[in-house]
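Here is the structure we will look at.
Please treat every number below as a calculation from the coordinates, not as lab data. This is a predicted model, so every value here is computed, not measured. Using ideal geometry, Cβ is built from the backbone for each residue, glycine included, and neighbour counts are taken over all protein chains shown.
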Amino acid sequence: MSVKIKVSYNTDQELAGVIRLLSPVLKDYKVSRNKEGRYKKAYAELDVKKC
């Protein structure tokens, strides 16, 4: 089973910090190509079995 979350961030350093924190349970993540709007977006999938 997996959990999907949406991450909103301003700088690439913020995204790197979130990815580092989620890395023990992170299965995969994808950065959105849409750069419009106030925040950039990324989508992460977490592996619940590792919890």
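Of note:
- Every residue from the range 25-38 that is in a loop (DSSP other than H, G, I, E, B) and surrounded by 10 or more Cβ atoms within 10 Å (Cβ to Cβ): V25, S32
- Search result, residues across the range 1-24 that are among the aliphatic types (A, V, I, L, M) and surrounded by 13 or more Cβ atoms within 10 Å (Cβ to Cβ): V7, L15, V18, I19, L22
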